[in-house]
Amino acid sequence: MALPYPPPPLAVPSSYPFHFLPSSSDPPYDILRTHPSLSLLSNCRTHQSLRETHAQMVKTGLHNTNYALSKLLELCVVSPHFDGLPYAVSVFETIQEPNLLIWNTMLRGLASSSDLVSALEMYVRMVSLGHVPNAYTFPFLLKSCAKSKTFEEGRQIHAQVMKLGCEVDRYVHTSLISMYARNGRLEDARKVFDTSSQRDVVSCTALITGYASRGDVRSARKMFDEITERDVVSWNAMITGYVENGGYEEALELFKEMMRMNVRPDEGTLVSVLSACAQSGSIELGREIHTLVDDHHGFGSSLKIVNAFIGLYSKCGDVEIASGLFEGLSCKDVVSWNTLIGGYTHMNLYKEALLLFQEMLRSGESPNDVTMLSVLPACAHLGAIDIGRWIHVYIDKRLKGVTNGSALRTSLIDMYAKCGDIEAAHQVFNSMMHKSLSSWNAMIFGFAMHGRANAAFDLFSRMRKNGIEPDDITLVGLLSACSHSGLLDLGRHIFKSVTQDYNITPKLEHYGCMIDLLGHAGLFKEAEEIIHMMPMEPDGVIWCSLLKACKMHGNLELAESFAQKLMEIEPENSGSYVLLSNIYATAGRWEDVARIREVLNGKGMKKVPGCSSIEIDSVVHEFIIGDKLHPQSREIYRMLEEMDVLLEEAGFVPDTSEVLQEMEEERKEGALRHHSEKLAIAFGLISTKPGTKLTVVKNLRVCRNCHEATKLISKIYNREIVARDRTRFHHFRDGVCSCCDYW
DNA sequence: CTAGGGTTAG
């Protein structure tokens with residue numbers, strides 16, 4: 001048969017930046033293999049040394065050989081010492097005719113990053129250039145599909161596997177099982193599993209992980225028990241499966257059994273077990289393992305294990321030891337930073353969390369999604385909106401397609417709402433393509449907190465129209481919207497529908513909101529009926545809200561009995577004593593005030609100091625009552641004097657009963673003692689341009705005096721002032737507050 | 001050159 005001459009041009013997509021030059025013919029293999037530049041390659045531990053070796057290769061002409069290039073790429077892609085993937089990609093793009101090994105190496109690298117799209121693009125490019133994938137290609141590709149949560153692509157790859165007859169390859173077979181299992185498609189995984197008669201440990205382990213990640217620990221255990229020859233990995237998979245599903249006891253039990261059977265634990269075992277200890281609070285076993293590890297095995301130098309210990313100690317409350325271990329690390333990775341930052345957030349040490357985050361940035365470590373999920377709540381607590389905004393930009397720029405995208409947005413909504421910028425929160429919410437239930441919930445809570453009950457309920461009906469079922473948290477959000485706005489009847493209606501319409505068993509929080517609403521309205525009888533009716537004991541928050549209601553309605557008798565309950569439940573909480581003494585003071589019962597103070601002093605308890613913070617130019621400034629520690633203290637107090645004069649001129653009369661109830665030593669400083677929020681506002685006024693909105697965060701509730709004063713200040717200085725107290729937001733503008741004096 | 005498990009948050 002005569003071939004056409006000249007041959008027809010190759011159909012090559014024009015968009016590829018490839019130069020189809022004739023491939024350079026590689027020199028004999030032996031020369032290549034022993035070439036000095038190539039032996040240098042394996043010693044490269046930094047990005048810099050890699051580039052130098054690459055330069056060597058260019059000098060000697062090795063860069064034109066596919067063999068040397070594949071070695072170079074492989075090193076870039078697998079090196080644990082640095083992230084060489086971007087460099088690999090840039091080198092790859094210069095290769096004139098990459099061979100199958102090189103394509104596979106690139107896919108290998110892309111599979112370990114979690115970038116499915118790039119991996120698929122690479123595969124499509126490879127195939128459309130006429131390469132036929134082989135059994136080495138698919139495991140990499142399937143790993144990419146397993147990591148992302150879309151199994152559609154995985155199924156298409158499966159079809160390609162079948163077309164090429166690669167399903168008989170052991171590696172491909174297990175990769176397919178794992179891909180389906182990790183995507184939650186256990187039926188499909190099982191089908192692939194059953195096509196082979198040989199049930200090796202590896203396939204079984206893939207299924208164990210799949211069952212466990214879907215919450216089906218029993219099927220996982222059944223599979224585990226069926227394995228005749230278990231290896232470390234299968235033990236680890238089962239232990240992790242238990243940990244993931246909260247079965248810490250079983251996990252630790254299995255670990256002990258594993259030790260009894262003389263299976264030597266590896267790094268992965270310890271990491272899982274330590275995670276179980278951390279989450280279940282088994283600090284003793286954790287310490288035991290710590291001494292064990294220090295004594296025998298060489299695990300002390302393993303970064304992953306040290307990180308696991310940092311997690312253990314910071315979760316179990318020993319932040320000192322955790323930060324000691326962290327400081328002792330000569331080489332920290334993202335996880336080390338994330339773990340300690342998360343530990344600080346966990347222990348409510350928000351300032352420390354933010355400081356460590358800033359140190360992380362200075363050190364040159366790039367934060368990832370997990371970092372942000374720890375840092376954003378810290379911003380939210382402290383009202384650090386500038387840092388929060390910075391993080392928002394960072395997420396948009398650098399964390400575009402990460403797996404936790406939805407969680408990150410939800411965390412941003414919460415951060416903006418808690419930092420006082422409800423509009424920004426709303427914008428983030430509206431920009432979300434895939435809204436999860438928790439993002440709806442976060443937005444509803446945001447509106448509730450800002451006293452915008454209408455917006456909360458509008459959002460709720462939008463949510464229902466979108467066919468989304470509310471959960472218990474959604475309904476707490478709605479109830480708290482009612483309780484922040486005093487919507488008693490609507491609250492009653494929602495409370496009823498919790499059980500009747502949504503088939504949700506009311507939790508303590510639902511009862512709490514309802515009791516708060518009733519107490520606020522002075523309906524103590526009804527509130528107490530609910531307390532008798534509910535199946536659980538009320539907590540401190542509930543008694544506290546009733547106590548506050550008593551103060552508002554001047555109900556001394558009930559106040560005493562509620563305070564009694566509160567002291568029983570939380571004997572070390574000074575709040576109950578302070579509240580009760582305030583109530584006595586309002587009623588003029590000074591001997592009772594003195595008596596309570598004595599009890600308080602006798603127990604060595606101290607009133608929690610009011611603390612307000614304001615963020616100016618990304619720096620959070622904290623103030624406590626009467627505080628003179630700030631470097632600009634003199635200017636602040638000068639401003640306060642001016643404010644007091646103007647307030648008086650505007651007709652402001654302080655409520656003296658609130659002044660009189662201050663503690664003795666505080667009273668010495670007179671009636672002009674300034675609450676922390678006023679200090680923060682004064683500082684805000686002198687540190688920002690006229691007309692700038694001020695946002696203040698306070699740890700306690702705003703007192704009536706300060707509330708009145710702030711209303712006037714917003715008018716006198718023509719400033720919008722947003723203040724967050726313990727439970728909600730107040731937006732002061734032109735002499736009025738968004739809460740309409742109901743809080 | 002390949003497959004199963006393993007740190008951080010929620």
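The values are calculated or read from the model by the stated rules, or taken from the named source; none is laboratory data. Here the structure is a predicted model, which means the values were calculated and not measured. Methodologically, a virtual Cβ is constructed for each residue, glycine included, from the backbone with ideal geometry; neighbour enumeration extends over all protein chains shown. For the accessible areas, the whole protein counts, side chains as well, though only heavy atoms, and no ligand, DNA or RNA atoms are used. Shrake-Rupley method; radii C 1.70, N 1.55, O 1.52, S 1.80 Å.
Observations, loosely collected:
- Look at the stretch A:300-315: where a residue is free of Cβ contacts under 8 Å to residues at least 60 places away in the same chain and a partner is acidic (Asp, Glu) and more than 8 Å from DNA strand B (Cβ to nearest atom), sitting 6+ places away or on another chain with Cβ atoms under 8 Å, you get A:Gly300/A:Asp294.
- The lone exception for A:Pro8 - which of (1) at pLDDT 75 or above; (2) more than 26 Å from A:Phe140 (Cβ to Cβ) it fails: (1)
- Which numbered condition A:Ser314 fails, given (1) near DNA strand B (Cβ under 9 Å from one of its atoms); (2) at positive phi: (2)
- Inter-residue pairs, beta-carbon under 8 Å, first open to solvent by 10 Å² or more (accessible area, probe 1.4 Å) and in the stretch A:136-156, second of a type in the set (Lys, Arg) and within 9 Å of DNA strand B (Cβ to nearest atom), 6+ apart: A:Phe140/A:Arg108; A:Lys147/A:Arg182
- Note on the stretch A:230-240: among residues that are part of a helix (DSSP H, G or I) and surrounded by fewer than 18 Cβ atoms within 10 Å (Cβ to Cβ), the one that is nearest to DNA strand B (Cβ to nearest atom) is A:Val233.
- Screening the stretch A:329-434 for helices (runs of 4 or more DSSP H) wholly inside it with 3 or more residues that are of a type in the set (Val, Ile, Thr) and either surrounded by 15 or more Cβ atoms within 10 Å (Cβ to Cβ) or out of contact with any helix residue (DSSP H, G or I) (no Cβ under 9 Å at 6 or more places or on another chain) (or both) returns the ranges A:334-346, A:369-382, A:385-398.
- Residues of the stretch A:194-230 that turn out to be in contact with a Cys (Cβ under 8 Å, 6 or more places away or on another chain) and under 21 Å from A:Leu142 (Cβ atoms), as a count: 1
- Test: residue in the stretch A:303-312 that is among the aliphatic types (A, V, I, L, M), within 28 Å of A:Val375 (Cα to Cα) and in a loop (DSSP other than H, G, I, E, B): no
- Number of positions in the stretch A:318-328 that are within 13 Å of DNA strand B (Cβ to nearest atom) and either charged (D, E, K, R) or open to solvent by 40 Å² or more (accessible area, probe 1.4 Å) (or both): 1
Each row is one residue, and each column tells you yes or no for (1) aliphatic (A, V, I, L, M); (2) open to solvent by 40 Å² or more (accessible area, probe 1.4 Å); (3) closer than 26 Å to A:Gly610 by Cβ.
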{"site": "A:His520", "(1), (2), (3)": "no, no, yes"}
{"site": "A:Gly554", "(1), (2), (3)": "no, yes, yes"}
{"site": "A:Ala563", "(1), (2), (3)": "yes, no, yes"}
{"site": "A:Glu570", "(1), (2), (3)": "no, yes, yes"}
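- Helices (runs of 4 or more DSSP H) (entirely within the stretch A:19-88) containing at least 3 residues that are over 34 Å from the mean Cα position of the chain (by Cα) and at pLDDT below 80: A:29-33, A:36-41
- Of everything in the stretch A:698-721 that is of a type outside the set (Lys, Arg), modelled with pLDDT under 85 and not in a helix (DSSP H, G or I), the residue that is farthest from the chain's Cα centre (by Cα) is A:Cys703.
- Some residue of the stretch A:213-226 being open to solvent by 50 Å² or more (accessible area, probe 1.4 Å) and within 11 Å of DNA strand B (Cβ to nearest atom): yes
- Just one of the listed residues (A:Leu382, A:Leu459) is touching a strand residue (DSSP E or B) at 6+ places or on another chain (Cβ under 6 Å) and either within 16 Å of DNA strand B (Cβ to nearest atom) or at pLDDT 95 or above (or both), namely A:Leu382.
- Test: residue in the stretch A:244-263 that is near DNA strand B (Cβ under 8 Å from one of its atoms) and either over 22 Å from the mean Cα position of the chain (by Cα) or open to solvent by 20 Å² or more (accessible area, probe 1.4 Å) (or both): yes
- Of the residues screened, A:Phe151 is not one that is within 12 Å of DNA strand B (Cβ to nearest atom) and under 38 Å from the mean Cα position of the chain (by Cα).
- Checklist (1) over 21 Å from A:Asp169 (Cα atoms); (2) β-branched (Val, Ile, Thr); (3) open to solvent by 60 Å² or more (accessible area, probe 1.4 Å) applied to A:Val132, failing item: (1)
- Here the stretch A:264-276 is the region considered, the condition is being open to solvent by 20 Å² or more (accessible area, probe 1.4 Å) and in a loop (DSSP other than H, G, I, E, B), and the residue that is farthest from DNA strand B (Cβ to nearest atom) is A:Arg264.
- Selection from the stretch A:623-651 of residues that are part of a helix (DSSP H, G or I) and basic (Lys, Arg): A:Arg634, A:Arg638
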